[in-house]
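Novice: Next up is a structure, given as structure tokens.
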Amino acid sequence: MHPGDVVPRGSAPPGDAPGHLLTSGSSADVYALDDERVLRRYREGRDATPEVELLRHVRTFDYPTPDVLRAEGSDIVMTRVHGPTLLQAMTAGEITLADAAQVLADLHGMLHAVPAPASWRLPQDRDWPHLDGGPSVVHLDLHPGNVVLTENGPMLVDWANARTGTPELDVAVTAVLIAEVAVDAGGDYSQAARALLAAFLHASDVSPLAALDDAAALRSVAPGLLPGERELVPHGAELVRTMVEITEHP
Ligand SMILES: Nc1ncnc2c1ncn2[C@@H]1O[C@H](COP(=O)(O)OP(=O)(O)O)[C@@H](O)[C@H]1O
Ligand SMILES: [Mg+2]
């Protein structure tokens, strides 16, 4: 839940742009090829093959995410989905925080019902290899900027961090992500993020507590974090711990 999730961070589109640049995030550019397709391209040339395998796997379980049409190297061509991100809808007041929290919790719940593919292996260049392995597919970046509200329901995008793991870890990462915004006292969205966090913890079937330290550790090494943002991670994790303890032992 970072403004950079919806607003280009100022990188100029390359001269040979394959289409209209929709967004330019911390690691990837997303181009509209036409009304039906987008191209997501890693700028640093990272191999998208591992996440494409997970994407195709979750689609076979009807998980709501775009279909991969073609993938090669650091490029993924997928179906284009239309609608505001959950973040945009919240900012515009088009969805209540309680409903937004339920959307996030439902996307977690449905994903964790998808069994980890037996053959999938974590690429060697990924942080926290010891957090690979678990019963489910996990997204590990499931925040409102990565959810598109389409006429067919919410769709989850941006599978860059996906791996196999535990539902607790995935829920804990989302909670810490939201909490980072909540503890940023000077931020415009601090109050809303606090309310969203409380609603998300309430809506989740899974307690993040057991995975909170791992989630904070993962967040601390997230690519694209500014030094000031990194300092918010431990404070965010503490806020989550306090809120969970209130929710679980009122
Ligand atoms: N298949 C898609 N169809 C339409 N828009 C998309 C699609 N995939 C991504 N986007 C848009 O591009 C933005 C950035 O894509 P994302 O995969 O989240 O990359 P990153 O956050 O790493 O830059 C998303 O928030 C969404 O608005
Ligand atoms: Mg994203």
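Novice: Among helices (runs of 4 or more DSSP H) lying entirely in the range 141-228, which contain 1 or more residues that are touching a helix residue (DSSP H, G or I) at 6+ places or on another chain (Cβ under 7 Å) and of a type in the set (Asp, Glu)?
Specialist: Working: elements: 167-182, 190-203, 212-220.
Those helices (runs of 4 or more DSSP H) span 167-182, 212-220.
Novice: Would the range 202-214 turn up any residue that is among the acidic types (Asp, Glu) and free of Cβ contacts under 8 Å to residues at least 24 places away in the same chain?
Specialist: Scanning the range 202-214 turns up no residue that is among the acidic types (Asp, Glu) and free of Cβ contacts under 8 Å to residues at least 24 places away in the same chain.
Novice: Answer yes or no: is there a residue in the range 77-95 that is part of a loop (DSSP other than H, G, I, E, B), loosely packed, with under 13 Cβ neighbours inside 10 Å, of a type in the set (Asp, Glu) and more than 13 Å from ligand 1 (Cβ to nearest atom).
Specialist: The answer is no; no qualifying residue exists.
Novice: Within the range 223-245, can you find the residues that are touching a residue at least 24 places away in the same chain (Cβ under 8 Å), at negative phi and not acidic (Asp, Glu)?
Specialist: Pro223, Leu232, Val233, His235, Gly236, Ala237, Leu239, Val240, Arg241, Met243, Val244
Novice: Something else: For the range 157-183, give me each residue that is under 14 Å from Ala237 (Cβ atoms) and either within 16 Å of ligand 1 (Cβ to nearest atom) or touching a Leu at 6+ places or on another chain (Cβ under 7 Å) (or both).
Specialist: Correct list: Leu169, Ala172, Val173, Thr174, Ala175, Leu177, Ile178, Ala179, Glu180, Val181, Ala182, Val183.
Novice: Continuing with this model, one more query. When you scan the range 139-158, do you find a residue that is surrounded by fewer than 19 Cβ atoms within 10 Å (Cβ to Cβ) and under 27 Å from His249 (Cβ atoms), even just one? Explain how you work it out, then say what you get.
Specialist: Just the residues of the range 139-158 that are surrounded by fewer than 19 Cβ atoms within 10 Å (Cβ to Cβ), to begin with: 150-153.
With under 27 Å from His249 (Cβ atoms) added as a condition, the list becomes none.
Checking the range 139-158: not a single residue is surrounded by fewer than 19 Cβ atoms within 10 Å (Cβ to Cβ) and under 27 Å from His249 (Cβ atoms).
Novice: Here is a further query. Just the residues that are open to solvent by 10 Å² or more (accessible area, probe 1.4 Å) and of a type in the set (Asp, Glu), please, taken from the range 168-195.
Specialist: Matches in the range 168-195: Glu168, Glu180, Asp184, Asp188.
The values are calculated or read from the model by the stated rules, or taken from the named source; none is laboratory data. Remember, it's a predicted structure, so these values are computed and weren't measured experimentally. In this analysis, Cβ positions are derived from the backbone assuming ideal geometry, glycine residues included, and neighbour counts consider all displayed protein chains. Side chains are part of the model used for accessible areas, which takes the heavy atoms of the whole protein and leaves out ligands, DNA and RNA. Shrake-Rupley method; radii C 1.70, N 1.55, O 1.52, S 1.80 Å.
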